[in-house]
Amino acid sequence: MSQMKNNQNSFSDEELKKKKRISLIKTLIWIGIIIAAIICLIPFYSMIITSTHANSEITRKLLLVPGDRLLANYERLVDVVPIWRGFVNSLIITVISTIIGLYFSALGGYGFSKYNFKGNPILFAAVLATMMVPGQLGIIGFYRLMNEFGLLNTYWPLILPSVSNAFALFFFKQVADASVPKEMMESARIDGCRELNIFHRIALPLMGPSLATLGIFLFISKWNEFLQPMIILFDQELQTLPVLIASVRSQFNVDYGAQYVGIVISIIPILIVFALFSKQIIGNVMAGAIKE
Amino acid sequence: MFGTKINKDPHGYYFIAPFFISFFIFGLGPILYSFYLSFTNWTGFDQPEFIGLANYERLIQDTVFLKSISNTLIIWIFSIIPQLTIALTLALILHEKFIRGRHLFHAIFYFPNIITPITIGVMFALMFDWQTGSINQFLLSIGIINEPIYWLNDPWLARIIVALTMMFQNFGFNMLVFLAGLQAIPKDLYEAAEIDGASRVQTALRITIPLIRPVLIFTLITSVIGGLQIFDAPLMIGKGPDNSTLTMIMNLYEAAFVRYDYGYGATIAYGAFVVIAIATAITFMIPGVRKKREAK
């Protein structure tokens, strides 16, 4: 009897030890991810803090608290590089490209999904094959062709190619397969609706949530584009933000204060948008990741 | 039914036409035209002059081109192995039930991915600047080093810094992809395993890893194709001593748009394409990759 009691005691002791060990592991994991998160944020913090100091201080020591030279650095920067103009240019190009890309990709994906025309599988395979080709392969031919068309230094070569995005079309074919029932199209046809109207009135609204998901992907990748705008556009006034940031680096060779301000301007607006919508953005990225 | 008898199908061509028209003008056209230009010596000012295979002969003897291939592969390996390890570890941790404030961590780790690569490149170049960079200032102030380290003046350190930049930019995205994969695993599988008395290691090896394998393969393939095209961020960090961080696409950019040797630039583009195609083909030869893709 007493032995049994003893046994029970030692058992609960072991249980206790196990619990303690698990909570220790949990604490360590917590500390680990908090450290990882801090490491991830430090570069941004450091950029913002450094941008508020004079060059002489930046070169001398490690800066941890804000200084008072932000405005002076900022003024030197915007005197030479129209960085806000670049921001607006980037926004214009990106928004128009995203809308065009979404519309035509949905159109194409829906076409492949719902119409049994001759050659459908072969053409669809051709679309998928274009995904395998790296983007820079045709860049020199692209440059010369745009030159022949007289489109250099305009936004057309940056916006129009958004019409054909193989990945987006592939994505929307799957969406249309899953979320646009053929019965609804049939009944709309019987009611005398024309084909394009069926797409606009029935299919597009049904694909709505996926438009948001892919819109975020298209927006980010267009916003980040660098090589195309750099070679297509010559006027600084037309240039996009990434190209201007790159030019800040070469133009303010030793003026670190101005360089840091340039970085901050390219980060802060994104940071604000992300802080407001991060839940939706991340949710959509994860949804997109599964669909891929 | 009457409705199905009406043949509406040819309408499909109108729906897919914009894609193909745009693709022919802005995609395929330039690619084929580049192929033609790769046989010319076009300097951008006069008409391209056909010179046959001369550019390709030059390419296979060009030590800078060969070096750019090995640089790109080295940087890719240095960035992809730690990147996927960290992304998978973080995804497994953040998938645990006891982690609260999960969304905040998702946001922090994903944030670098939406910043323009140019900005990330300039950031790292400034951080590792040997005179003013915060890394040296930090190491000096806590007394680990006595003199600033000239990070970007050492070929291997410079490559590692470029790899670190790519890692910093992309690990969050891969983490989200892994997390999405983990969340798609049915919960009852874990419950069944728990009832059967499987240990955590067994659960991870027998359930989690096999079921997220398609996701692992997806990230592997995208990172081969994307990782070999790295350009923006390394361009900001520079070529490194003795071209040690010159990537394939940087080399293409310099030949064409800095030295105005467009014809040879087009040849470099095709050379880089062949390298990327071979790397992708090798990835598909890894046991299990093709099978899983088909099963999907």
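The values are calculated or read from the model by the stated rules, or taken from the named source; none is laboratory data. These numbers were taken from a predicted model, which means no experiment stands behind them. Cβ coordinates were reconstructed from backbone atoms using ideal geometry, including for glycine residues, and neighbour counts include every protein chain displayed. For the accessible areas, the whole protein counts, side chains as well, though only heavy atoms, and no ligand, DNA or RNA atoms are used. Shrake-Rupley method; radii C 1.70, N 1.55, O 1.52, S 1.80 Å.
Please go through region B:37-89 and give me each residue that is in contact with a strand residue (DSSP E or B) (Cβ under 7 Å, 6 or more places away or on another chain) and surrounded by 20 or more Cβ atoms within 10 Å (Cβ to Cβ), ordered by number.
As a first pass, look at region B:37-89 and keep what is in contact with a strand residue (DSSP E or B) (Cβ under 7 Å, 6 or more places away or on another chain): B:39-40, B:48-51.
Residue satisfying the conditions is B:Thr40 alone.
Inside region B:239-275, can you point out the residues that are assigned to a loop (DSSP other than H, G, I, E, B) and open to solvent by less than 20 Å² (accessible area, probe 1.4 Å)?
Narrowing region B:239-275 to residues assigned to a loop (DSSP other than H, G, I, E, B): B:239-240, B:244-247, B:259-261.
Selection gives B:Ser244, B:Thr245, B:Leu246, B:Thr247.
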Take the residues in region A:111-138 that are of a type in the set (Ser, Thr, Tyr) and within 7 Å of chain B (Cβ to nearest Cβ), then tell me which one is nearest to A:Gln228 (Cα to Cα).
A:Thr130
Report whether or not B:Leu164 is touching a Leu at 6+ places or on another chain (Cβ under 7 Å), modelled with pLDDT of 85 or more and either within 11 Å of another protein chain (Cβ to nearest Cβ) or open to solvent by 50 Å² or more (accessible area, probe 1.4 Å) (or both).
no
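Looking for whichever is of a type in the set (Val, Ile, Thr), part of a helix (DSSP H, G or I), buried (at least 20 other Cβ atoms within 10 Å of the Cβ) and within 12 Å of another protein chain (Cβ to nearest Cβ) here; the options are A:Ile42, A:Ile58. Which one fits? Walk me through it before giving the result.
Working: A:Ile42 fails: buried (at least 20 other Cβ atoms within 10 Å of the Cβ).
Selected residue: A:Ile58, the only one of A:Ile42, A:Ile58 that is of a type in the set (Val, Ile, Thr), part of a helix (DSSP H, G or I), buried (at least 20 other Cβ atoms within 10 Å of the Cβ) and within 12 Å of another protein chain (Cβ to nearest Cβ).
So, B:Pro10, is that one of a type outside the set (S, T, N, Q) and open to solvent by less than 60 Å² (accessible area, probe 1.4 Å) or not?
Details: of a type outside the set (S, T, N, Q): yes; open to solvent by less than 60 Å² (accessible area, probe 1.4 Å): no.
Answer is no for this residue.
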Just one of the numbered conditions (1) within 23 Å of the chain's Cα centre (by Cα); (2) open to solvent by 10 Å² or more (accessible area, probe 1.4 Å); (3) facing chain A (nearest Cβ under 10 Å) is not true of B:Asp129; which one?
(1)
A:Met184 fails exactly one of the following numbered conditions: (1) farther than 27 Å from A:Leu169 by Cα; (2) without any contact (Cβ under 8 Å) to a residue 60 or more places away in the chain; (3) open to solvent by 20 Å² or more (accessible area, probe 1.4 Å). What is the number of that condition?
(1)
Every listed condition ((1) closer than 29 Å to A:Ile31 by Cα; (2) buried (at least 17 other Cβ atoms within 10 Å of the Cβ); (3) hydroxyl-bearing (Ser, Thr, Tyr)) holds for B:Tyr190 save (2)
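In region B:132-142, how many residues are open to solvent by 50 Å² or more (accessible area, probe 1.4 Å) and either aliphatic (A, V, I, L, M) or not in a helix (DSSP H, G or I) (or both)?
Of the residues in that region, 2 qualify.
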Residues in region A:159-182: is at least one acidic (Asp, Glu) and within 24 Å of A:Leu137 (Cβ to Cβ)?
no
Selection over region A:156-175 where residues are open to solvent by less than 10 Å² (accessible area, probe 1.4 Å) and closer than 16 Å to A:Ala287 by Cβ yields a count of 4
